[in-house]
Amino acid sequence: MSAIERYASLLLFFVSTAVLSRLLTPAEFGTYAVVTAITSVFAASSQEFGGANYLIQKESLSEGDIRTAFTVTLGLSLGIGLGLYLLSDVVGTMSGSGDLKAGIAVAVLNFAIMPFSMTIIALLRRNMQFGVIAASNLSCNFTIVVVSIVLAMMGFSYLAPIWGMIAGSAVQAVHLVALRRDLRIFRPSLSGCAGIVRFGLYSSGVVLINVFYNSAPQLFLARILDFAAAGLYSRAVNLTQVFDKLVTQVIGPVIMPAIFAQTSVGGDLKRIYLHAVTLLTALHWPVLTVMAVMAKPIILVWLGPSWLEVVPLVQFLCVGSLSLFAASLTYPVLVAAGSVRDTLVSSLISLPPSLLVVFAASYAGVEAVAASALLTLPFQAAVAIHFVSRHLNLRWADIADAIWKSGIVTLCSGATAAIGAGLIEYGMIGPVAGILVAAAATAGAWILALIAVKHPLLPELGAPARLVLSVVARFGGVVRGAAARASRNAV
């Protein structure tokens with residue numbers, strides 16, 4: 001269910017990116033990116049303080065716990081939103097752009113909406129009700145895309161995607177609240193808030209640092225260079241995160257509930273971690289490698305020739321991101337090991353030095369900022385794996401043993417994609433046809449490589465494959481039945 005929702009959302013992402021890239025200039029997109037960067041730092045922190053991860057990891061959860069978590073989250077969220085609104089003048093003056101003030105004034109509306117939907121989603125995740133979550137997220141994403149495109153066509157400029165985001169959040173909140181019906185969880189309560197605050201200090205601290213780090217390059221570039229540079233970098237990051245949309249965001253909502261479900265019945269956390277690393281690298285590395293190799297034709301077809309400047313940025317970010325193969329596992333594994341504190345400590349060790357590198361690189365230009373990922377991301381990955389290793393008694397040899405088969409699969413996939421990129425570059429095949437041919441050939445090489453090395457991912461592909469075939473067969477039966485009825489009616 002999580003995959004169906006994420007892949008449908010990915011399709012919406014492809015469409016909206018292609019359309020908005022032709023309706024908004026890099027400078028307009030840069031303004032939107034900076035507004036999102038500023039607000040997302042504080043939004044993520046307030047939502048995590050008493051949010052999803054606390055409600056999921058708590059062994060015995062009462063209605064009082066839920067009400068207190070919601071009250072803390074809502075109070076903090078409203079306070080931060082009001083503070084940002086009052087400071088929007090200062091932010092606009094400091095940046096030299098009045099557009100930021102208007103953008104922030106609209107974006108802070110989300111702070112009053114998100115606590116309602118996030119609380120319900122946390123409870124649904126805890127109960128593994130991903131079908132309901134999928135429906136709500138799809139309604140949200142569809143609304144965002146439609147409203148953003150319509151408003152951009154009407155000339156709302158950088159405000160179009162911001163208003164789209166607000167509209168999507170409102171639709172999702174209304175949908176979830178209507179399904180919940182029992183609204184007692186939204187009654188204010190501060191009973192037992194000490195435990196929530198303790199967990200929230202670490203959890204929100206981790207999120208705050210990570211979101212700020214991810215947003216910092218856009219802020220640096222907008223301040224030191226211009227909004228066009230921030231827009232180019234932000235777009236490159238979005239393209240690089242295709243893997244996250246394909247895989248990480250599919251399994252992300254499932255990881256923590258699944259780990260706690262396994263460990264609660266005696267599952268070995270070390271074995272779970274290494275098996276997950278083996279599976280993730282077989283997906284993570286080939287996708288990033290193919291994206292780096294095929295960056296130019298993909299961007300030419302998808303975004304248009306005016307965005308070709310992002311090609312080297314995407315390539316640098318893809319190569320650097322190869323080191324983050326276990327990033328999605330670090331937080332849930334450390335929480336499962338009973339050490340949420342280490343999630344904050346590891347971030348405090350790895351992110352401030354990385355931030356200094358990015359800040360220094362921003363004076364050399366947007367390409368230098370992207371190239372700094374080759375240094376900062378492997379460093380962050382090494383620190384995270386070190387902290388995980390302390391709790392799971394892992395050795396680097398264990399990790400090497402878990403990923404070597406994925407390395408061979410990646411080499412085969414990347415080499416196949418390189419042939420396709422070469423054919424396109426030398427004009428032997430058009431970019432659209434070349435991308436399709438290269439995608440088909442790379443997929444074939446990936447599957448053959450999995451078979452050749454007997455990769456553990458192969459058995460895992462059986463269930464989704466059977467599900468797809470079942471859906472196709474069912475859909476075919478419906479179509480045949482409708483055709484037969486139409487034929488009888490015609491007769």
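The values are calculated or read from the model by the stated rules, or taken from the named source; none is laboratory data. Quick caveat, the model's predicted, so the values are computed rather than measured. Methodologically, a virtual Cβ is constructed for each residue, glycine included, from the backbone with ideal geometry; neighbour enumeration extends over all protein chains shown. These area figures cover heavy atoms from the full protein model, side chains too; ligands, DNA and RNA do not enter into them. Shrake-Rupley method; radii C 1.70, N 1.55, O 1.52, S 1.80 Å.
Around the amide H of Ser189, modelled in the peptide plane, lie the amide H atoms of Thr71, all under 5 Å away and 5 or more residues distant in sequence or on another chain.
The gain in end-to-end length when the Ser139 to Val357 segment is fully stretched comes to 74.5 nm, 0.36 nm per residue minus the alpha carbon separation.
One chain, two ends: Ala382 and Ile408. Fully extended at 0.36 nm per residue, the span grows by 7.2 nm beyond their Cα-Cα distance.
Extension gain, Ser40 to Glu309: 0.36 nm times the residue separation minus the Cα-Cα distance gives 94.2 nm. For Tyr213, Tyr426, the ranking by accessible surface with the largest value first comes to Tyr426, Tyr213, using a 1.4 Å probe. Annotation: His386 carries an accessible surface of approximately 100 Å², with a 1.4 Å probe and no ligand, DNA or RNA atoms counted. Using a probe of 1.4 Å, the accessible surface attributed to Arg395 totals some 150 Å² when neighbouring protein chains are kept in position.
Report the calculated FRET efficiency for Met153 and Met128 (r = Cβ-Cβ distance, R0 = 51 Å), to the nearest 0.05.
0.80
Let me make sure I get this right: for the stretch 304-440, a, b and c are the square roots of the gyration tensor eigenvalues over alpha carbons, sorted descending. Under 1.5 in a/c it's rounded, otherwise prolate if a/b > b/c, else oblate. Which is it? Oblate. Contact order for the stretch 344-430, expressed relative to its length and based on alpha carbon pairs under 8 Å spaced 6+ residues apart, stands at 23 percent. Largest first, the residues Leu179, Leu436 sort by 1.4 Å accessible area into Leu436, Leu179. For a modelled paramagnetic label at Ala452, 7 Å from Cα along Cα-to-Cβ, no residue of the stretch 279-312 is in reach, as no backbone nitrogen comes under 12 Å.
Inter-label distance, Leu374 to Val174: 5.0 nm, where each label sits 7 Å from its Cα along the C-beta direction.
Site pair Ala397 and Thr17 shows an inter-label distance of 4.2 nm when each label is modelled 7 Å from Cα along Cα→Cβ. The phi torsions of the stretch 105-122, fed into the Karplus equation with coefficients 6.51, -1.76 and 1.60 and a -60° offset, translate into couplings of 4, 7, 5, 5, 4, 5, 5, 8, 9, 4, x, 5, 6, 5, 5, 5, 4, 4 Hz, rounded to whole numbers, with Gly and Pro shown as x. Rounded, prolate or oblate: which fits the stretch 321-398 when a ≥ b ≥ c are the square roots of the eigenvalues of the alpha-carbon gyration tensor, with rounded for a/c under 1.5 and prolate only if a/b beats b/c? Prolate, because a/c is 1.5 or more and a/b exceeds b/c.
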